[in-house]
1. Among the numbered criteria (1) touching a residue at least 24 places away in the same chain (Cβ under 8 Å); (2) open to solvent by 20 Å² or more (accessible area, probe 1.4 Å); (3) of a type outside the set (Lys, Arg); (4) not in a loop (DSSP other than H, G, I, E, B), which one does residue 261 miss?
2. Restricting to region 86-139, and then to whatever is among the β-branched types (Val, Ile, Thr) and either without any contact (Cβ under 8 Å) to a residue 24 or more places away in the chain or not in a strand (DSSP E or B) (or both), can you tell me which residue is farthest from residue 72 (Cα to Cα)?
3. Within region 119-132, identify whether any single residue is at pLDDT below 95 and open to solvent by 10 Å² or more (accessible area, probe 1.4 Å), and answer yes or no.
4. Spot the failing condition for residue 197; the list is (1) open to solvent by 50 Å² or more (accessible area, probe 1.4 Å); (2) assigned to a strand (DSSP E or B), and only one is missed.
5. Give the residue that is least open to solvent (accessible area, probe 1.4 Å), with candidates limited to residues of region 269-327 that are acidic (Asp, Glu) and within 26 Å of residue 168 (Cβ to Cβ).
6. Restricting attention to region 578-616, which residues are polar (S, T, N, Q), outside any helix (DSSP H, G or I) and within 28 Å of the chain's Cα centre (by Cα)?
7. So how many residues does region 10-26 have that are of a type in the set (Asp, Glu) and closer than 17 Å to residue 129 by Cβ?
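The values are calculated or read from the model by the stated rules, or taken from the named source; none is laboratory data. For clarity, every value in this text was computed on a predicted model and none was experimentally measured. Ideal geometry is used to build each Cβ from the backbone, glycine not excepted, and the neighbour counts take in all protein chains shown. Heads up: the accessible areas ignore ligands, DNA and RNA and are worked out on the full protein's heavy atoms, side chains in. Shrake-Rupley method; radii C 1.70, N 1.55, O 1.52, S 1.80 Å.
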Amino acid sequence: MFVYPKNYDVIVCGAGHAGVEAALAASRMGCQTLLLTINIDTIGQMSCNPAIGGLAKGHLAREIDALGGEMGKATDMTGLQFRMLNTKKGPSVWAPRAQCDKKAYQFRLKWVCERQENLDIKQGQVARLLHEGNEIKGIQTTLDVQYIGKTVIITTGTFLRGLMHIGKNQQAGGRAGEAAAMNLSDSLREIGLELGRLKTGTPPRLNRRSLDLSKTEVQPGDEPVPYFTYWKDDLFHVEHSGINPMDFGHSAGKYLPGSILDRINGQLPCYITFTTDETARVIRENLHKSPMYSGVIEGIGPRYCPSIEDKIVKFPDKATHQIFLEPEGISTEEIYVNGFSTCLPFDVQHELVKTIVGCEKAEILRPAYAVEYDFAFPTQLDPSLETKVCRNLYCAGQINGTSGYEEAGAQGLVAGINAARRAQGKEPVVLRRDQAYIGVLIDDLVTKGTTEPYRMFTSRAEYRLLLRQDNADMRLSQIGYDIGLLPSRNYRKFAEKQQTIQQELIRLDNTRTGSITLTQLLRRPETRYSDLPLAKPDLPEGAAEQIEIAVKYSGYIERQEQEIGKFKSMEDKQIPDWLDYNTVPSLRKEARLKLQQIRPRTLGQASRISGVSPADVSIVMVWMKRGPQSSSLPDTEILTSDSGGIPGDSGSCSAA
């Protein structure tokens with residue numbers, strides 16, 4: 001046994017999207033951090049679609065960036081096509097999306113991590129956790145190397161006892177060509193975590209040269225480019241790019257210097273196509289060969305990213321299904337077949353891809369496969385993402401039951417922040433549901449739990465008009481700066497933009513054109529800020545858009561802010577640690593079990609637990625007011641209603 005001679009503040013196990021954000025956050029906050037990965041060459045690997053953003057996911061990516069994370073910058077430097085989705089709808093659901101060069105994205109994140117101060121990278125596989133009682137002390141690798149640390153973050157993705165399926169063929173692994181982590185699950189169970197099993201899948205990759213793209217619909221990118229990061233100034237410096245200086249300047253300043261768009265002087269198109277009747281026939285004739293339908297796969301798959309088999313079975317009346325053909329990079333002919341994941345045998349896949357319009361002569365470079373893996377039920381976590389059963393142990397990413405790079409990155413960032421703060425003796429940072437989609441994501445996981453891969457949607461957020469992708473900096477950059485994650489140079493830019501927006505809103509209110517103010521004129525649907533008389537052309541980037549939205553949607557925004565006021569009244573009511581739900585009379589059995597299991601921090605969180613009624617929350621509130629001594633009082637002195645109500649109460653509660 002070899003004990004590594006350096007002790008760490010934070011140890012991060014796994015270097016996917018959660019692990020990278022966790023390690024960078026902790027090290028940038030001044031903590032000595034170790035990033036341990038099975039393969040250093042796959043840091044930041046895009047295992048499935050090489051795309052960042054999309055509906056609600058784009059919001060998460062921009063929130064990561066606003067706090068001081070890396071995902072937005074990596075996307076802007078390596079994206080080969082950018083689009084703003086949902087622009088025909090209201091601004092709350094606008095969402096940026098970028099198709100990335102998967103190798104460039106991976107290499108950039110590896111480069112960033114290698115250069116990060118306070119961050120060590122080591123190649124190795126975790127065999128077990130080192131702990132004393134219910135407190136983590138470090139980790140031990142399969143090479144019998146022990147790393148000692150104050151905190152540990154587990155970000156194992158799909159690698160926990162990962163098992164890949166292609167028809168009847170099975171192979172242990174978390175990703176094609178990479179070994180699974182077979183020992184760590186036992187160690188997690190040993191400390192008291194309950195594990196389940198989930199499944200996800202990926203489609204085949206095709207050789208672009210074998211496709212007839214003239215039969216498809218071209219989908220170009222948007223101009224001007226809807227970038228992700230708020231801090232583009234950082235990317236105009238060669239030392240911040242990781243790009244060979246010879247690759248700069250090919251777009252004459254139109255795109256970020258050294259970015260993929262700059263190198264190719266433009267955006268690559270994606271292509272829209274469709275399945276056919278023949279697709280459905282081949283699947284129906286071979287459905288018995290699918291490990292999903294033959295009962296071989298135990299894990300539950302993602303509801304909102306179904307396989308092509310699921311689409312054919314669950315929507316039998318639908319004649320065709322839309323498919324997107326998306327390039328995986330500027331230096332490869334690989335095409336990602338978005339919407340066509342499957343785990344059918346290779347011979348069936350060979351026949352199946354040829355039924356897609358434009359793919360009649362398609363050649364498969366990589367077959368599709370499904371992978372099932374262990375995860376930890378996320379209700380076993382606090383909102384800080386620390387496990388309840390083991391102090392100083394944090395979990396982030398797919399181990400918590402989520403799907404997607406953005407969901408993983410968001411959790412990794414929060415886990416990294418809170419592990420660093422624990423090592424520094426500070427209180428955790430918990431984002432509320434009214435502050436960020438990250439807050440919605442984590443609250444959903446730790447309060448409601450999940451038994452299937454969780455995907456973020458705008459519909460999950462009650463206050464989505466306030467949680468827009470355009471104002472993530474206004475919501476979160478102050479927090480990022482206060483905790484020591486967002487650099488001063490970025491904070492100054494944010495503060496200037498914030499002040500400019502506030503001053504301009506006041507000016508519009510106080511400036512008249514004829515009989516109306518500029519604010520009243522801007523409220524007209526057809527009027528843009530640039531149409532106003534005396535509009536300022538030199539506003540900071542994004543300021544005009546935020547001013548427009550603030551004015552045009554002011555009534556709706558004020559209403560949501562009032563709702564948040566009611567929400568905060570419940571969120572501010574902390575449930576004391578002394579409260580034992582087993583001693584609270586008149587709670588329904590289901591509510592008692594759920595409250596005891598999840599241990600909500602506030603009455604607001606308690607009200608969102610499935611199976612806990614407003615009447616149950618009211619009972620808890622009364623018990624809290626009685627104080628710790630109430631545990632010695634007889635039941636009849638507290639409450640008399642066996643159904644869980646309060647005498648004289650209608651059973652309603654003002655919980656948000």
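1. (2)
2. 87
3. No: region 119-132 contains no residue that is at pLDDT below 95 and open to solvent by 10 Å² or more (accessible area, probe 1.4 Å).
4. All conditions are met except number (1).
5. So the residue we want is 309.
6. 602, 610
7. Summing the residues that are of a type in the set (Asp, Glu) and closer than 17 Å to residue 129 by Cβ in region 10-26 gives 0.
So that you can scan it fast, the table gives a plain yes or no per residue for (1) without any contact (Cβ under 8 Å) to a residue 60 or more places away in the chain; (2) open to solvent by 10 Å² or more (accessible area, probe 1.4 Å); (3) of a type in the set (A, V, I, L, M):
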| site | (1), (2), (3) |
| --- | --- |
| 555 | yes, yes, no |
| 560 | no, yes, no |
| 566 | no, yes, no |
| 575 | yes, yes, yes |
| 582 | yes, yes, no |
| 588 | yes, yes, no |
| 594 | yes, yes, no |
| 600 | no, no, no |
